[in-house]
Amino acid sequence: MRAFIIEAEIRRVVLGGRVVLRDMGLQVRPGETVVIGGPNGAGKTSLLRAILGLLPMEGTVRIGGHDVRRAHRAAMTQVGYVPQAPALFPEMTVGEHFRLLAALRGVGASALSEAVRAFGVSTYLNAYPGTLSGGWLQRVSLALALLGDPPVLILDEPTAHLDRTTRDLLWEVLRQKQAQGVTILMTTHRLEDRVLEADRNLWLEDGRLVSETFEPRWVRLKAWVLRRPDEDWVRHLPPDWQVLRLAPDGLGDSTCVVLRGPWASRWQAVQTLQAGGNVVIRIDWLSDEGEA
Amino acid sequence: MRWTVLRWVAWKEARQLLRQRWVPVGYAVLFGLGLLLWNARLFPVGWFGPHRVAIAYFQLLAFGLPWLGLLAGAQAIAPERETGRLAYLLTQPVEPSEVFWGKALGRFGILAGLFLVGQGITALAFLRHGGGSVGMYGLFTAAGLGLIFLALGLGVAVSAWSPTQARATGGALGLSLMFLLVSDLVLLTAALFLRLSAPTLFFLTTLNPVQSFRVLALSTLTDRLDILGPAVGWALAQLGTSGLRLLLTGSLLVWTGTAWALARVGFGFGDRPAWRLKPSTGVSEAEVT
């Protein structure tokens, strides 16, 4: 058995005259779960595309011992891929997508119907992708990626278009796959995606893996609070923290607060927010370039 | 290259092309006009006999088939590359060349299939009015298939070298206009003002694949100089009928081979137009493909 199922040595990837990835080594063991975080534009999608052999690059990537460009087919038999935005063909029904990908992956009829049933997509087999919601599209994409039970799952920001319910379903499926020993490589810019227990969390910035922890240097805190009228607490925020937004969210009495500051002092910022007498309803952690 | 992958990618392409509807509609218009031509009761009008109608019909095909082939080709790669769908397809256990030739096969299958259906229908009118022999009609049909394959190759080449769907469509339309209208006008103008000799004019004509197809079709139907023109008349005198056909067929084959080779090179690994690879990465061609 190979020590690593994914071995990537990427020296440089240049797109549109801009270096999007540089000097990067990534080795993933069979059965390992690796989550790569990073702000928008950090190169997360490019990294996955390079690993899948979809980008020209200086360097080599092997999946299951197969070079992704020289032995593309053999490498791809190991992989199920969920793109960030579902890339289904608009003129083909969901059922036809399953037939096509099952044929390309050499999946038999029983495994195909099992995949369709497991994800509850049988109702939509005759529907065209354009008629499905983002959540259902992502669910179909995930079901398609799992056709044939590939030993490696590569997911590009899979929660980007999902509501909470579908996100929970995704985590459930991924945990099952983890338990079955499937290797998972996933990118995200949502810090809350750490609910998936990863063996390794990596942080990517400006085309480089900058840390072996899922810790950005800067973070945004988005909170919904029932707020006291005074804003004294703002003055007690830890050093380098600033308020980006403080406005009613338009959905009742709550206020949406967006703060930005160093990752290291994030919990102090939360304490300050609560100590000010505000009732915090919900908190989302966003990467530094997340939505305000 | 595995037949299963080719067949399924071709199946996907054919399905997509049919469901986009514009190809069947285009053919319906083309063959509808063809039937109108045969049934327009023009025969009693002096010299406008069945032979002339046959010629007009094949001129119509020479005008319509390149449009359809070029546009169908232009939609083959660039739109899917732009939306990430091609990349998604390439993350399946397939080789890029299987995807490329599967796409070509599927699109050609639909274009050729619908063409044969239309030809079958117009064949009835052709034979009823005595426009020529069955063998001749079969020859034209084969040439038409060749023209479709050539035009599709050119369209796919444009698509493979275009970064976006808009540019691919624009490129295919530009190429259609050049082959169907502009080159004719340029040749006419040049012949008038530069007083081109018949051999020069003939040589320039063979540079345009659509013109080569037209000349090939016309020279099979008639040897009348008022229809063929002085340039083709000169070529007939020099090369003889079989020599002329051989030359024009060769020209069409060269065009076809070049178009498909360009398309394959432009497709590269499928990820992006080949012209974008070198300047941005500095990787060698061997590494890319």
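Coordinate-derived values only; no laboratory data. All of these numbers come straight from a predicted model, not from anything done at the bench. So basically every Cβ, Gly included, is an ideal-geometry build from the backbone, and we count neighbours across all protein chains shown.
Across the options A:G134, B:G174, A:V28, the greatest Cα extent toward the positive end of the charge dipole of the protein assembly as shown (unit charges at beta carbon of Lys, Arg, Asp, Glu) belongs to B:G174. Between the range B:233-247 and the range A:73-94, what is the C-alpha centre distance in whole Å? Spelled out, the Cα-based centre of one part sits 53 Å from the other. Within a Cβ distance under 14 Å of B:F213, other residues only, what is the Lys/Arg minus Asp/Glu net charge? With Lys, Arg at +1 and Asp, Glu at -1, the net is +1.
Charged neighbours of A:G148, selected by a Cβ distance under 15 Å, balance to +2 (K, R count +1; D, E count -1). Here the spin labels are modelled as points 7 Å beyond Cα on the Cα-Cβ line, and at B:L124 and B:D226 they lie 3.4 nm apart. How big is the antiparallel share of DSSP beta bridges in chain A, given as a percent to the nearest 5? Of the beta bridges lying entirely in chain A, close to 70 percent run antiparallel. Looking at chain B, identify the longest residue range that excludes and avoids all trypsin sites (Lys or Arg not before Pro) in DSSP loops having at most 15 other Cβ atoms within 10 Å. Of all site-free stretches, the longest is B:42-194. Evaluated with a Cβ-only charge set (Lys, Arg +1; Asp, Glu -1), the range B:3-267 carries a dipole of roughly 380 debye about its Cα centre, given to the nearest 20. Ordering B:G138, B:L86, A:L170 by the projection of their Cα atoms onto the charge dipole of the protein assembly as shown, which places +1 on the Cβ of Lys and Arg and -1 on the Cβ of Asp and Glu, puts B:G138 at the extreme positive end.
Given R0 = 22 Å, the distance between the Cβ atoms of A:R175 and A:Q27 translates into a calculated FRET efficiency of 0.40.
Hey, got the dipole for the protein assembly as shown? About the Cα centre, +1 on K and R Cβ, -1 on D and E Cβ, debye to the nearest 20?
Here the size comes out at about 1340 debye.
Dividing the mean sequence gap of close Cα pairs (under 8 Å, 6+ apart) by how many residues the range B:3-267 holds gives a relative contact order of 27 percent. Mean sequence separation of contacting Cα pairs (under 8 Å, at least six apart), scaled by the length of the range A:50-109, corresponds to a relative contact order of 19 percent. Using the rule -39500 (n - 2.57) for each DSSP H run of four or more residues, divided by the residues of the protein assembly as shown, the 222 nm mean residue ellipticity is -17000 deg cm²/dmol. Please work out how many pairs of lysine residues in the protein assembly as shown are eight or more positions apart (or on different chains) and have Cα atoms closer than 28 angstrom. So the count of such lysine pairs works out to 5. Sites listed here are GluC sites (Glu not before Pro) in the range A:1-82 whose DSSP assignment is loop and whose Cβ has at most 10 other Cβ atoms within 10 Å, and the list is empty. Estimated at 0.36 nm per residue, the fully extended path between B:S133 and B:F193 surpasses their Cα-Cα distance by 17.6 nm. Rounded, prolate or oblate, given the Cα gyration tensor of the protein assembly as shown, with a/c below 1.5 counting as rounded? It comes out prolate by the Cα gyration axes. Modelled spin-label separation between B:S242 and A:W267, with each label point placed 7 Å from Cα along the Cα-to-Cβ direction: 9.3 nm.
About its Cα centre, the dipole of the range A:218-287 is roughly 180 debye, where the only charges are +1 on Lys and Arg Cβ and -1 on Asp and Glu Cβ.
Considering all different alpha carbon pairs of chain B, the Kirkwood hydrodynamic radius works out to 20.3 Å. Rounded to the nearest whole Hz, the Karplus-based 3J(HN,Hα) values (6.51 cos²θ - 1.76 cosθ + 1.60, θ = phi - 60°) of the range A:77-84 follow the sequence 5, 8, 10, x, 10, 10, x, 4, with x at glycine and proline.
For the protein assembly as shown, what is the percent of antiparallel DSSP beta bridges, rounded to the nearest 5?
70 percent
Since only A:V270, A:V68, A:H236 are under comparison, the one whose Cα sits farthest along the positive direction of the charge dipole of chain A, derived from C-beta charges on Lys, Arg, Asp and Glu, is A:V68.
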